[in-house]
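I have placed the structure first, in the form of structure tokens, so that the comments after it can refer back to it.
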Amino acid sequence: MNSDRRPPTADARSQITDNRQRVAGICVALLAIALAACASAQTSALPKFDTGVDPESWATIPAGEFLFGQQSERVKVDYAFEMMVTDVTNAQYARYLNRALADAKVKIVNRQIVGAYPGDAFTGYRHEKKIEAGDKLHLVVGAPDLRIVYDGASFHAKPEYANHPAVAITWFGAKAYCEYFGWRLPSEIEWEKAARGTDGRAYPWGDAIAKNQANSYNSLDPFERGIGAQGDTTPVGFYNGKTYAGYATRDAQSAYGLYDMAGNVWQWTGEVYKGTHYRYLRGGSKQNYEYNLRVWTRNSAEPDYYAASVGFRCARGK
Amino acid sequence: MQGLLERYNFLFRSTRGLVLVALALIALVTAIWGMLSGPMADLGLRDLVVRLTGMVLEPAEREGRIILLYHAIALAIVAIEVYLISARVPMRAPERAHINATITVGYLAAMIGGLGFGYFGHNWILHGIFIAGQSLVFFAGILFAAALNPWRAEYRAPNPAYASWRGIDLERAAFFTMAVATLGSALFGAIPGSFFGNGFTVFLAEDTIREVGKTPFQLAVIGHLHIMLTLVAIALALLVGRWFDFKGRLHKIAMPLMIAGTITISLGAWFVVPFREIAHTIIYVGSVGVLLAALFLVIFGFDKLIRENLAARQIAQANLAQKFRALIEDPVKFGALWQMVYMNFVVTFIGIFMALQLSRVMRVWPHREERITLTGHWHILASIIATIIILYYADLIGLQGRVRKWFGWLIVIPSNIAFGAAALFSTKRLYVTESAQQPLVDAIMLTLDAALATVLIALAALMVWRLIDLFKRNGKWAQEAREEVAE
């Protein structure tokens, strides 16, 4: 077999150059298409759904024993209390900000909403950080994950996110919200009882989880389309058995009628534990696989942490 | 009947057969249980596996199941190491036979009983078999340590090319130290472990990392899992040293370091309970000894590979390119050493960085992010150990020529890509925010899954080939059995 080792002619060289240019052109075009696809994925219009669940509503959690934690220990909550049926929404938080600013409960400093905090007792335990008294971060105005915008005079929720949980709020910001209205962040025990009821179930609705029951990683909800498996937040109360644009959800209410106690966003709880500066979160989020959505799963973060997967709801009564 | 007996003798009485059985079982467990999480679960394969096998996956028992799964695989790995060490390190034949028989029954019982109990309803007989199996493995460990006793007269006054001290073979002493430390560390986990809910209440260490006021028993369990994986790695490093016939000046420096390092790391892990404040410092000091010893082994091994391959090609004065080519000529041997080097990039250096930057990096992340880093860290280490064992086995069964090269590179290159991707994934919060991570996560996961799949397919191909071979009257198995008898 002979191989032609002669140098290419001018025509052939021109042909090679043309081919190379064509290949390069195709590559550039493909790259442009890919980039355009990415860009459109990021900016694709968010679907808007009315879930019919009222974020102003509260559920009553009766006093009594329940099974707490993964090992289902019997724990008694000897008082009835109420808890928000849904997470606090962006619309609610924006309204609060306007009122709290007017009342001078919070202030804007260097594009940050801050508010006074009395500080934590410090024990010097391993890795413990001092949380001293002073103004603490509630949120960063203009933070990419914040769904609330400031027009220089007032705050308002981005319309497409109005009924989604308020995210990118620190523990200080969540606590301040609840306390502004005379409420509080729930304790971990209160949160778990509200989520779990008394029968020791693993998820708010029972012991098994389906993809269309909670907003978790790769749960294939409409808010993952064009974004990817971590998706976006879903409107509060989204998983209520309704069908949205062809996407059928299962009713994921807890035994006491609360929504989104598994998935969507982690929820700040209120305790300040001795020996640690961390605050604890419950419920799992859109970022997590299903096992993180079990009712006893804990997460923790520093109190000034904020992210697109962290929200909260309040409790009242004791 | 005679044929069955011969195959039984090969599979359960020869080193190559015993390793093959354990590797095949681990591969099988990995193939089935790997479907229960990650991308395979997303593809719906978990539901299929659960339906087909009748698994019962109670959400509250997930951590317990995982611990049973870890133990099932870890005990098989320990058994493989024992088989290989008992074949390489001189010991009396009856002792070797007793050790191998005991540990084989032990790990099989632990694997079958543990997985049966954890994943297929709670049959208490299976739980008893699991406990009995672990006890047998422990008992085999005692026999193993006794057989490795470096003070025995017949093993004293070793060849002067190897490290020795007052007539004691220091390499043997290093194996012995590792065996004794492993026994102590097994108890260190087993006794406190049985305290939690009479052995039925479990926790994963990564879930308790931020817990204030951990109990001594919790600390012991956390120490146990860390030191056991470390000792498995130390055993493998020693074994690779034997494989390469590590000797000479570097051997004489490495073995004392390995012994001192093993003792120091083990004490450090045990001291987590009474002296938590200084335990990590002790562990770091011990790690330096062990890592240096491994470094000397790698230097020796690389040099040996270059010299031998150049000599085989009759090149007296080699340039750099020729030396490099000689180094990577045999991916099976090169790969085993390279994985030890690569481990530093994807495990050790990241671990040191994270430890030094703890208060500025991991501890400012949410716990779930820190957890990903922690679990990624040790999954990578465990997988690197597995790949080295696979490469060792490939050499043990005498893979030759093009098959050897393809198999070696198919293990080394994709696994390096996978470990690199896993390291990137586990440290992603250093360079990407949660909201912006999706494209990076997608790219990493695709790379990682494709690379891991390649490694597993290569392993599966090897296992299928060996399985088919067993049906041949005079297959490779028969040849290996004959060789072993001759040896």
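Per-residue answers, yes or no, for (1) touching a residue at least 24 places away in the same chain (Cβ under 8 Å); (2) loosely packed, with under 15 Cβ neighbours inside 10 Å:
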residue	(1), (2)
B:Ala24	yes, no
B:Val29	yes, no
B:Met35	no, no
B:Leu43	no, yes
B:Leu69	yes, no
B:Ser86	yes, no
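Specify the residue that is least open to solvent (accessible area, probe 1.4 Å); the eligible residues are those in region B:152-173 that are at pLDDT below 95, in contact with a strand residue (DSSP E or B) (Cβ under 9 Å, 6 or more places away or on another chain) and not in a helix (DSSP H, G or I).
B:Pro158
Take the residues in region B:295-323 that are touching a residue at least 24 places away in the same chain (Cβ under 8 Å) and touching a Leu at 6+ places or on another chain (Cβ under 9 Å), then tell me which one is most open to solvent (accessible area, probe 1.4 Å). So that I can check it myself, show each step before the final result.
Filtering region B:295-323 for residues touching a residue at least 24 places away in the same chain (Cβ under 8 Å) gives B:296-302, B:304-305.
Keeping just the survivors that are touching a Leu at 6+ places or on another chain (Cβ under 9 Å) gives B:296-302, B:305.
Values: B:Phe296: 38, B:Leu297: 5, B:Val298: 11, B:Ile299: 80, B:Phe300: 28, B:Gly301: 0, B:Phe302: 44, B:Leu305: 8 Å².
Restricting to residues being touching a residue at least 24 places away in the same chain (Cβ under 8 Å) and touching a Leu at 6+ places or on another chain (Cβ under 9 Å), the top hit is B:Ile299.
If you go through region A:275-290 one residue at a time, how many are farther than 11 Å from B:Arg368 by Cβ and facing another protein chain (nearest Cβ under 7 Å)?
3
Starting from region A:151-172, take each residue that is within 10 Å of A:Ala94 (Cα to Cα) and part of a loop (DSSP other than H, G, I, E, B) and list its partners that are open to solvent by 20 Å² or more (accessible area, probe 1.4 Å) and polar (S, T, N, Q), counting only C-beta distances under 9 angstrom and pairs at least six apart or across chains.
Close Cβ pairs (under 9 Å, with a partner that is open to solvent by 20 Å² or more (accessible area, probe 1.4 Å) and polar (S, T, N, Q)) amount to A:Ser154/A:Asn98.
Before we move on, is B:Phe203 touching a residue at least 60 places away in the same chain (Cβ under 8 Å) and crowded, with 16+ Cβ neighbours inside 10 Å?
On the way: touching a residue at least 60 places away in the same chain (Cβ under 8 Å): yes; crowded, with 16+ Cβ neighbours inside 10 Å: yes.
Yes, satisfied.
If you go through region A:211-233, how many residues are open to solvent by less than 20 Å² (accessible area, probe 1.4 Å), in a loop (DSSP other than H, G, I, E, B) and charged (D, E, K, R)?
Result for region A:211-233: 2.
Any idea which of A:Arg250, A:Arg298 is away from chain B (no Cβ under 14 Å) and open to solvent by 20 Å² or more (accessible area, probe 1.4 Å)? Outline the logic, then answer.
Values: A:Arg298 fails: away from chain B (no Cβ under 14 Å).
So the residue among A:Arg250, A:Arg298 that is away from chain B (no Cβ under 14 Å) and open to solvent by 20 Å² or more (accessible area, probe 1.4 Å) is A:Arg250.
May I ask you to list the residues in region A:208-250 that are of a type in the set (A, V, I, L, M, F, W, C) and under 17 Å from A:Pro165 (Cβ atoms)?
Applying the first criterion (of a type in the set (A, V, I, L, M, F, W, C)) to region A:208-250 yields A:208-210, A:214, A:220, A:223, A:227, A:229, A:236, A:238, A:245, A:248.
Within region A:208-250, A:Ala214, A:Phe223, A:Ile227, A:Val236, A:Phe238 meet the criteria.
Checking A:Glu65 against (1) among the charged types (D, E, K, R); (2) open to solvent by 60 Å² or more (accessible area, probe 1.4 Å); (3) over 29 Å from B:Phe203 (Cβ atoms); (4) in contact (Cβ under 8 Å) with a residue 40 or more places away in the chain, which single condition isn't satisfied?
Unmet condition: (3).
List the number of the failed condition for B:Trp406; all other conditions in (1) away from every other protein chain (no Cβ under 14 Å); (2) out of contact with any Leu (no Cβ under 6 Å at 6 or more places or on another chain); (3) open to solvent by less than 40 Å² (accessible area, probe 1.4 Å); (4) without any contact (Cβ under 8 Å) to a residue 60 or more places away in the chain hold.
Evaluating B:Trp406 over (1) away from every other protein chain (no Cβ under 14 Å); (2) out of contact with any Leu (no Cβ under 6 Å at 6 or more places or on another chain); (3) open to solvent by less than 40 Å² (accessible area, probe 1.4 Å); (4) without any contact (Cβ under 8 Å) to a residue 60 or more places away in the chain leaves (3) as the failure.
It is to be established whether one or more residues within region A:201-210 are hydrophobic (A, V, I, L, M, F, W, C), surrounded by 18 or more Cβ atoms within 10 Å (Cβ to Cβ), out of contact with any Pro (no Cβ under 9 Å at 6 or more places or on another chain) and in a loop (DSSP other than H, G, I, E, B). Spell out the reasoning first.
If we filter region A:201-210 for residues that are hydrophobic (A, V, I, L, M, F, W, C), which is where we start, we get A:202, A:205, A:208-210.
Checking which are surrounded by 18 or more Cβ atoms within 10 Å (Cβ to Cβ) leaves us with A:202, A:205, A:209.
Keeping just the survivors that are out of contact with any Pro (no Cβ under 9 Å at 6 or more places or on another chain) gives A:205.
Next cut, in a loop (DSSP other than H, G, I, E, B) only: A:205.
Yes, that holds for at least one residue.
Is it the case that B:Phe425 is within 14 Å of chain A (Cβ to nearest Cβ), open to solvent by less than 80 Å² (accessible area, probe 1.4 Å) and on the phi < 0 side of the Ramachandran plot?
Working: within 14 Å of chain A (Cβ to nearest Cβ): yes; open to solvent by less than 80 Å² (accessible area, probe 1.4 Å): yes; on the phi < 0 side of the Ramachandran plot: yes.
Criteria met by B:Phe425.
Spot the failing condition for A:Arg184; the list is (1) within 14 Å of chain B (Cβ to nearest Cβ); (2) touching a Gly at 6+ places or on another chain (Cβ under 8 Å); (3) over 17 Å from A:Ala91 (Cα atoms), and only one is missed.
(1)
The values are calculated or read from the model by the stated rules, or taken from the named source; none is laboratory data. The structure presented is a predicted model; accordingly, all values stated were derived computationally and were not measured. Note that we place each Cβ from the backbone using ideal geometry, even for glycine, and neighbour counts take in every protein chain shown. In case anyone asks, the SASA skips ligands and DNA or RNA and just uses the protein heavy atoms, side chains included. Shrake-Rupley method; radii C 1.70, N 1.55, O 1.52, S 1.80 Å.
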